[in-house]
Amino acid sequence: ANVTHFHSVITHLQLVKNNLHRKNQGIWSPIVHMNFKSLENLKCLSINSNHIQKLPPFFYSLNTLTQLCLVDNDIEELPTDISGLANLELLNVMRNKLTALPSESFASLTKIKKLKLDHNRFREVRA
């Protein structure tokens, strides 16, 4: 079925346990490259349990996102590009491999209300 005409009305998208990232090859599955930029009303994105190590650059241009859930992946760091998600209110990165949270990653995330960091590899967290 052709779902491209739904792009403008999708506000919530869950792609949990879909092998979006091919762990051994370090590449993203073709489904990820489907026209994400045309999801102009996307508010909530959940891509939990997909062996993700890092997000492709176009994810950081999804500026309508208010909730991003990346639970149970293999993310080791949050890049400064995440500051492009200026409307983000919830960031859930529980059960990843984070060891630090660079403050510059959150510089323009002024709307953030919930940050879920449980079960990572932090040595210290600075306020």
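Computed quantities for the displayed model
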read-out: Karplus 3J(HN,Hα) series, Hz, for the stretch 72-83 with 6.51 cos²θ - 1.76 cosθ + 1.60 (x for Gly, Pro); value: 6, 10, 10, 6, 9, 8, 9, x, 5, 4, 4, 5
read-out: Sorted peptide list for 99-112, 65-78, criterion being average Cβ within 10 angstrom, highest first; value: 65-78, 99-112
read-out: Q14-F122 pseudo-label distance in nm [points 7 Å out on the Cα-to-Cβ vector]; value: 2.7
read-out: The stretch 34-127 - accessible surface per residue (Å², probe 1.4 Å); value: 54
read-out: Too-long pairs where the Cα-Cα distance tops 19 Å, listed order kept, from K17/K111; K17/K114; K17/K113; K17/K54; value: K17/K111; K17/K114; K17/K113
read-out: Point-to-point label distance, E40-L90, nm (Cα→Cβ direction, 7 Å offset); value: 2.6
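The values are calculated or read from the model by the stated rules, or taken from the named source; none is laboratory data. Every value quoted in this text rests on a predicted model; they were computed, and no experiment measured them. Positions of Cβ are generated from backbone atoms using ideal geometry, with glycine treated the same way; all protein chains shown enter the neighbour counts. All accessible areas refer to the heavy atoms of the entire protein, side chains included, with ligands and DNA or RNA removed. Shrake-Rupley method; radii C 1.70, N 1.55, O 1.52, S 1.80 Å.
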